[in-house]
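A quick write-up on the structure given underneath.
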Amino acid sequence: MIRIRHTHYLLFLTLIAVFLKYSSGQFCTKDGECSDKSSLLSRYILYDVNRPEGFNLRRDVYMRLAIFVREYAKTFHQDAHLVLPPWDSLYHWQTPEEEIGNQKQLFWDNFFDVPSMKEFAPVLEMHEFLEGVKQFKVDEVFILQHYKDLFESKDGLIDWKPRWKKTSCNQPDSSRKFRKIKDDEYEVNLWGYKNITAKNVHCISFQGEASLIAELLDFYRPRIAVIDHAEVALHHNFGGPTYWKSRRSMRFNKQLVKLATDSRNEFLNSNDITDKTSRPDDWKQEKEQRDAIGGPYLAVHLRRKDFLIGRRDKVPTLEEAAKQIKKLLEKLNLNTVFVATDSPTLEFLELKKRLIEYSVLRYEPSKQVKLLHKDGGIAIIDQIICSHARYFIGSQDSTFSFRIQEEREILGFDPDSTFNGFCVDSETKCEQPSRWKIIY
């Protein structure tokens, strides 16, 4: 009996010591209650990305933060969580609302298998984080921005080293996102919510990998933090084993996978058995392989619209694209090409006319699929179908194409069938995509 009491007493002293060690700084709970004694409670890291950034770049930013929080939870704070920002009317989601419905505040499970993502990192959907909460206050907002002297050099050499510093704000949207109401209170205008305020907002010149965020959290000790312009933080060990674990955990929403699978089977004579593209249910059980064959079709991602303005030197004309597609079909002895493109219908019909002797297909979603899965879901179906093709050719510098290449790496395709890009001129060789091969 005495031994039990003594053990309880030692445990009590240990808990007190841990509490005192980590209890400096004030933290606020999700319902707005603040305390100086909340270091042993859960910590939450919310984030946002530069407004114009597209769906596939945002997926990459997620991986940077997920890898960071995974390691942060292991090393510094076991009960740390990354809160996933809802998707909200991205630039490329241009289908009229009357056709596709509201495309605001869409959660990640609309597009991804979130339980699979949770097997990699401690992530929460925003609705999980806000469950039962009417209003809450963020402790610290960190607006990341590049150093003004980022590319200045001494003696012709750029002195690149991880660093951060609190400084004046140079992000043009900072005052719109964070409006000061009174001392120690800012209105937070993020993700379409009207019930979020913040105690402090800091502009941080930031240079380095996402892991450097740990220093910010250690210095300011927030319980709830927002990292704005999270795209400024870079990958830690891009392309390494942890990167690929994160990427493999980002399985797609099962309904989207089924729609893509049904479409492959019905229109492209493609299935996972004959294509050798089957995957275990658990991504952690995947093993290194290079035996995927793919369905009997060529897949193409032909980026148009904004690339015609911003990357004209890398976008072929429709005539040139048709020449390169035809050449590949002949080389591969295929008669079918699947086209994923943001081009308007008239351009697609023109491309189809130039390939009249072949079967030229694109995914045509039903009205119900549009309403259920939105532009983002339809784009994912395109990516899934492209990732299962016998051969893939994409658009240079496109993250949409890059995500397909990653998916094909995971499925186990020969890199020669994956890392290919259109050239502006079919008669002239052009630089091809970097080959970022999967590491298990």
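The values are calculated or read from the model by the stated rules, or taken from the named source; none is laboratory data. Quantities reported herein were computed from a predicted structural model and do not represent experimental measurements. We place every Cβ from the backbone using ideal geometry, glycine too, and count neighbours over all the protein chains shown. Just the protein is used for accessible areas: all its heavy atoms, side chains included, with ligands, DNA and RNA removed. Shrake-Rupley method; radii C 1.70, N 1.55, O 1.52, S 1.80 Å.
Numbers for the structure displayed
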quantity: Karplus-derived HN-Hα couplings along region 51-58 (A = 6.51, B = -1.76, C = 1.60, θ = phi - 60°), whole Hz, x at Gly and Pro; calculated: 3, x, 5, x, 4, 7, 5, 5
quantity: Size of electric dipole in the chain: Cβ of Lys, Arg +1 and of Asp, Glu -1, about Cα centre, debye, nearest 20; calculated: 720 debye
quantity: Asp159, Asp139, ranked by accessible area, largest first (probe 1.4 Å); calculated: Asp159, Asp139
quantity: Accessible carbon and sulfur surface of the chain relative to its total accessible area, %, 1.4 Å; calculated: 52 percent
quantity: Accessible area expressed per residue, region 283-440, with surrounding protein chains retained (probe 1.4 Å, Å²); calculated: 48 Å²
quantity: Region 97-211: relative contact order as a whole-number percent, Cα under 8 Å and 6+ apart; calculated: 33 percent
quantity: Positive minus negative residues near Ser205 (Lys, Arg vs Asp, Glu; Cβ under 11 Å); calculated: +3
quantity: Protein-only accessible surface order, largest first, of Trp244, Trp160 at 1.4 Å; calculated: Trp160, Trp244
quantity: Rounded to whole Å, sorted largest first: equivalent-ellipsoid semi-axes of the chain, Cα gyration tensor; calculated: 44, 25, 22
quantity: The chain, relative contact order in percent, only Cα pairs under 8 angstrom and at least six apart counted; calculated: 17 percent
quantity: Projected label distance in nm at Asn269 and Glu209, using a 7 Å step from Cα toward the beta-carbon; calculated: 4.8 nm
quantity: Amide H contacts under 5 Å for Tyr391, placed H, 5+ residues apart; calculated: Tyr297, Ala299
quantity: Ranked order, Ile410, Ile293, Ile356 - accessible area, probe 1.4 Å, largest first; calculated: Ile356, Ile293, Ile410
quantity: Gained length - Gln78 relative to Val424, 0.36 nm times residue gap less alpha-carbon distance; calculated: 119.5 nm
quantity: Rounded to the nearest 10 Å², the accessible area of Trp164 at probe 1.4 Å; calculated: 60 Å²
quantity: Extension gain (nm, one decimal) between Asp397 and Lys182, 0.36 nm per residue minus Cα-Cα; calculated: 72.9 nm
quantity: Residue among Ser395, Ser89, Ser246 with the largest mean-square fluctuation in a Gaussian network model of the chain, springs linking Cα atoms under 10 Å; calculated: Ser89
quantity: Tyr220/Lys118 FRET efficiency (R0 25 Å; Cβ-Cβ; nearest 0.05); calculated: 0.40
quantity: Those residues of region 235-259 whose amide nitrogen sits under 11 Å from the label point placed on Ile439, 7 Å along Cα→Cβ; calculated: 237-245
quantity: Members of Lys148/Lys194; Lys305/Lys352; Lys166/Lys305; Lys137/Lys254; Lys74/Lys182; Lys104/Lys254 lying beyond 28 Å, as alpha-carbon distances in this model show; calculated: Lys148/Lys194; Lys166/Lys305; Lys137/Lys254; Lys74/Lys182
quantity: Of Ile393, His373, Ser417, farthest towards positive along the dipole that unit charges on Lys, Arg, Asp, Glu beta carbons give region 320-440; calculated: His373
quantity: Where labels lie 7 Å past Cα in the beta-carbon direction, separation of Glu330 and Thr317 in nm; calculated: 1.9 nm
quantity: Computed accessible area, Tyr44, all protein chains, 1.4 angstrom probe, square angstrom; calculated: 30 Å²
quantity: Region 89-221 - accessible surface per residue (Å², probe 1.4 Å); calculated: 55 Å²
quantity: Rounded to whole Hz, the Karplus (6.51, -1.76, 1.60) HN-Hα couplings of region 429-438, x for glycine and proline; calculated: 5, 10, 5, 9, x, 4, 9, 8, 8, 5
quantity: Inter-part distance where region 169-193 and region 417-440 are each reduced to a Cα centre, Å; calculated: 42 Å
quantity: Helix-derived mean residue ellipticity, 222 nm - over the chain, DSSP H n ≥ 4, -39500 (n - 2.57), to 500; calculated: -10500 deg cm²/dmol
